[in-house]
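Before any comments, here is the structure.
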Amino acid sequence: MNIQLIKNRSDIGAGTRGSDMGIDAMEIAAINRGEDFFHSHLHVDVESHNESIYRKNTNPFAKRIEHVYEQCERVSTAVKTSINAGYFPIVLSGDHSSALGTISGIKAANPEAVLGIVWLDAHADIHSPFTSASGNIHGMPLAAVLGKDNLEQQLNSIEPATEYFWRKIKNIGIIGPKIAPEHLVYFGLRDFEAAEAALIEQEGILHYRVDEMRMKGIEYCVRESLNRLNVCDLVYISFDVDSMDCDSISYGTGTPVPTGFYPTEIMQIFDLLMDSGKVSCVEFAEINPLLDNKGNKMAETAFEVLSFITRKLETDYVPAKRFSVQDS
């Protein structure tokens, strides 16, 4: 499997600065381990809009949405180009708003494919500008790719400019929703708001808490989720490092939440999901070395996971027959 790293050093969708440095922190982790990982794999650097944080924000319920839109367009194009060239893209991002660009790029490259999403995260990230209390767009990527405004839970009256760019964001890559709600699965979900909970319940979205997965068994829960995603041709895994346990690892992420997964559990989840042969793209997000209370521990841990995934892709990953319209 030919891998391409897509480096997206953008943090403008987050409420806390610093996740734009997450990729560099992972590169330092690799160097400190004596590994030449980032020089031995093809990569693409996506231009960022990070300077926009110095400009006045004019969209309080979707901060810097005009720039997040442009950034996600760039990520979408990079992912589409990578897939069309026959690569397996591993997207290394700053904040999690980038995921709507990644997902849009996968669909743009495979418009006829049914896409499934596994969201490894403490948070639901399914707000819209109509429901978000913070206005941080890293909490909105799934609402965008689902095409959900969630007006039944509306809290905010948004400006016409915000609504204009929200419409544009929902139509990156291809026009309309990129996935169906039944093709979304959460692992590690444990910190979300009432508006998000209502939408998850309304749409019957499958979600697992950390303690639930430990009680039932991680393998059981992954198999159950793959049964739900059986009709999907492709699966995208989005890995927010706050899905991991901040107390045992570090607080090197923008919104840490206690009682998360251990690294071995994360790697087990990836291993089982990838055995399906349907995984077509993986993304890492929200590593923030500025907040790390244990040196560079979060980036070091994320790099361990990245190395594990890469070894599997390069040694024993067997794509399913309907993995892609591309031959890999």
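Quick notes on this one:
- Consider segment 62-93 and keep the residues that are touching a strand residue (DSSP E or B) at 6+ places or on another chain (Cβ under 6 Å) and in a helix (DSSP H, G or I). The one that is surrounded by the most Cβ atoms within 10 Å (Cβ to Cβ) is VAL79.
- In segment 70-86, the residues that are touching a residue at least 12 places away in the same chain (Cβ under 8 Å) reach residues that are of a type in the set (Ser, Thr, Tyr) and buried (at least 23 other Cβ atoms within 10 Å of the Cβ) with C-beta atoms within less than 6 angstrom, at least six apart or across chains, in these pairs: GLN71/SER10; VAL75/SER98; VAL75/THR102; SER76/SER104; VAL79/THR102.
- Residue in segment 57-71 that is at pLDDT 95 or above, under 30 Å from PHE37 (Cα atoms) and in contact with a Pro (Cβ under 9 Å, 6 or more places away or on another chain) present: no
- Among the candidates GLU314, GLU300, the residue that is acidic (Asp, Glu) and farther than 28 Å from LYS80 by Cα is uniquely GLU300.
- Residue among GLY188, GLY260, GLY254, GLY217 that is at pLDDT 95 or above, farther than 22 Å from ALA14 by Cα and not acidic (Asp, Glu): GLY217
- Qualifying residues in segment 227-262 (those that are closer than 30 Å to ALA113 by Cα and of a type in the set (Phe, Trp, Tyr)) - the one farthest from the chain's Cα centre (by Cα): TYR236
- Evaluated against (1) small (Gly, Ala, Ser); (2) touching a strand residue (DSSP E or B) at 6+ places or on another chain (Cβ under 7 Å); (3) under 25 Å from TYR251 (Cα atoms), GLY18 falls short on exactly one condition, (2).
- Of everything in segment 140-163 that is surrounded by fewer than 15 Cβ atoms within 10 Å (Cβ to Cβ) and in a helix (DSSP H, G or I), the residue that is nearest to the chain's Cα centre (by Cα) is LEU151.
- Just one of the listed residues (ILE137, ILE126, ILE103) is buried (at least 24 other Cβ atoms within 10 Å of the Cβ), within 19 Å of ASN288 (Cβ to Cβ) and modelled with pLDDT of 95 or more, namely ILE137.
- Count - residues of segment 249-288 that are β-branched (Val, Ile, Thr), part of a loop (DSSP other than H, G, I, E, B) and closer than 19 Å to THR310 by Cα: 1
- Some residue of segment 39-46 being assigned to a helix (DSSP H, G or I), surrounded by 15 or more Cβ atoms within 10 Å (Cβ to Cβ), at negative phi and of a type in the set (A, V, I, L, M, F, W, C): no
- For segment 7-31, the set of residues classified as buried (at least 18 other Cβ atoms within 10 Å of the Cβ) and either of a type in the set (Lys, Arg) or assigned to a loop (DSSP other than H, G, I, E, B) (or both) consists of LYS7, ARG9, SER10, ASP11, ILE12, GLY13, ALA14, GLY18, listed by residue number.
- Of the candidates CYS232, CYS246, the single residue that is touching a His at 6+ places or on another chain (Cβ under 6 Å), of a type outside the set (S, T, N, Q), under 25 Å from GLY139 (Cβ atoms) and not in a strand (DSSP E or B) is CYS232.
The values are calculated or read from the model by the stated rules, or taken from the named source; none is laboratory data. Every value quoted in this text rests on a predicted model; they were computed, and no experiment measured them. As a convention, Cβ positions derive from the backbone with ideal geometry for all residues, glycine included, and neighbour counts pool all protein chains shown.
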